[in-house]
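J.: Would you mind keeping the following structure in view while I ask a few things?
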Amino acid sequence: MKKVLFICHGNICRSPMAEFIFKNMVNERGLEDEYYIESAAVSREEIGNDIYPPAKAELKLHGVPFERRRARQMTREDYDRFDVIFVMDESNIRRMKSIIGADDAHKVRMLLEGGIADPWYTGGFDRTYEDIVRGCEIFLAEQAAASDRDTNAERPGAKHCDQLLSTAIIRKSEQRDYERILKIYERARQFMREHGNPNQWNTKWPPAELVQEDIEVGRGYVCEIDGSVEAAFVYIQGVDVDPTYRYIEGSWKDDSEYGAVHRIASAGNYRGIGEFCIKWAFGQCGHLRMDTHGDNEVMQNLLTKLGFERRGIIYVVEDNYPRVAFEKV
């Protein structure tokens, strides 16, 4: 069981929000037996106080269950007891030093790169909620990638996810990548056929001219590791940016600006590279839509694992097969 502690200044806003948001996430994924979760403060200013009412209201707004609690200050024993200690900003780290001393075991980390602003001062509890959710989702995705690495450590030729996370870069595709991308898509078509999905891309999709167009208009992206292109995909972002998603048998959760990923494929040399690319795309705007063939159980399982919701059925121009639509906000 992994023990996770969330820390903020007073333990009445950000850290209890993170505690109950993360508890709700792991419960929804059936992972409650894999995590022990608490929160605490670096100061003594709010000891004994319950969650701040506006923080409660934000949790209620999103259907996140919580319970009455009393703020407490972190102790040195907490440092020894917990595996991961998430802080909200740099000031938390500075004040924590007087409690734990040096972080010799490297347990302390920011929940979200750049920090999460204190809504006590900003009043932006909605933004705080969104940032906490994003940080927790990134952490769960990292844990899932690590689990895949451990489960498939003996897979011949596949390198570990920790190598991927430390050396991969995502950039727009260029003309020099064209032939490599075609080979990646050829490999993806074969993979689909071998895994019970012969119809999604058949023998022609995506056509070479579309790959060329992706490069020219700037919507094509690649994931590069140590100078080698190991995955390719299309990413677009905007309000109503994808005509494919204007009609859905079902409903979208949010009609605000979103990103969409299409034609994602891997060269097969790194486990978890698809997850890495999708996580990157979600990080661009915090709202992502994707779709996949009903026979593509591999992608459906991955999207479900990453916290996407099934929203209905959409249709694409390349064939008559309906697609399962997913969304993550």
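The values are calculated or read from the model by the stated rules, or taken from the named source; none is laboratory data. The structure presented is a predicted model; accordingly, all values stated were derived computationally and were not measured. Cβ atoms come from the backbone with ideal geometry, glycine included; neighbour counts cover every protein chain shown.
J.: Go through (1) in contact (Cβ under 8 Å) with a residue 60 or more places away in the chain; (2) more than 29 Å from residue 132 (Cβ to Cβ); (3) not in a strand (DSSP E or B) for residue 263 and report which single condition fails.
T.: Condition (3) is where residue 263 drops out.
J.: In this structure, is residue 117 among the aliphatic types (A, V, I, L, M), over 30 Å from residue 284 (Cβ atoms) and either at pLDDT below 95 or touching a Ser or Thr at 6+ places or on another chain (Cβ under 8 Å) (or both)?
T.: For residue 117, the condition - among the aliphatic types (A, V, I, L, M), over 30 Å from residue 284 (Cβ atoms) and either at pLDDT below 95 or touching a Ser or Thr at 6+ places or on another chain (Cβ under 8 Å) (or both) - is not met.
J.: If I ask for residues that are loosely packed, with under 13 Cβ neighbours inside 10 Å and under 16 Å from residue 26 (Cα atoms), which ones from region 294-308 would you list?
T.: Passing the criteria: none in range.
J.: Just to be sure before I move on: is residue 240 assigned by TED's automatic domain parsing to the domain that holds residue 295 and over 18 Å from residue 268 (Cβ atoms) in the structure I sent?
T.: The answer is yes for residue 240.
J.: Taking the condition surrounded by 16 or more Cβ atoms within 10 Å (Cβ to Cβ), at pLDDT below 90 and among the aromatic types (Phe, Trp, Tyr), does residue 125 pass?
T.: Here the answer is no, as residue 125 does not meet what is asked.
J.: Only one of these conditions is not met by residue 55: (1) among the hydrophobic types (A, V, I, L, M, F, W, C); (2) at pLDDT below 95; (3) surrounded by 14 or more Cβ atoms within 10 Å (Cβ to Cβ). Which number is it?
T.: Here residue 55 meets the rest and fails (2).
J.: Specify the residue that is surrounded by the fewest Cβ atoms within 10 Å (Cβ to Cβ); the eligible residues are those in region 258-277 that are more than 19 Å from residue 200 (Cα to Cα) and modelled with pLDDT of 95 or more.
T.: If we take residues in region 258-277 being more than 19 Å from residue 200 (Cα to Cα) and modelled with pLDDT of 95 or more, then 259 is surrounded by the fewest Cβ atoms within 10 Å (Cβ to Cβ).
J.: Tell me which residues, restricted to region 1-47, are of a type in the set (Gly, Ala, Ser), within 23 Å of residue 80 (Cα to Cα) and loosely packed, with under 15 Cβ neighbours inside 10 Å. Before the answer, list the steps.
T.: Filtering region 1-47 for residues of a type in the set (Gly, Ala, Ser) gives 10, 15, 18, 30, 39-41, 43.
After this cut, where a residue has to be within 23 Å of residue 80 (Cα to Cα) as well, the list is 10, 15, 18, 39-41, 43.
The answer is none; no residue qualifies.
J.: Among the residues of region 244-256, is any touching a helix residue (DSSP H, G or I) at 6+ places or on another chain (Cβ under 6 Å) and either within 26 Å of residue 174 (Cβ to Cβ) or in a helix (DSSP H, G or I) (or both)? Before you say what the answer is, go through the steps one by one.
T.: Filtering region 244-256 for residues touching a helix residue (DSSP H, G or I) at 6+ places or on another chain (Cβ under 6 Å) gives none.
No; the residues of region 244-256 include none that is touching a helix residue (DSSP H, G or I) at 6+ places or on another chain (Cβ under 6 Å) and either within 26 Å of residue 174 (Cβ to Cβ) or in a helix (DSSP H, G or I) (or both).
J.: Go through region 166-186 and give me each residue that's surrounded by 15 or more Cβ atoms within 10 Å (Cβ to Cβ) and modelled with pLDDT under 90.
T.: 168
J.: So, in region 60-91, how many residues would count as being surrounded by fewer than 20 Cβ atoms within 10 Å (Cβ to Cβ), more than 23 Å from residue 1 (Cα to Cα) and of a type in the set (A, V, I, L, M)?
T.: Qualifying residue count for the region: 1.
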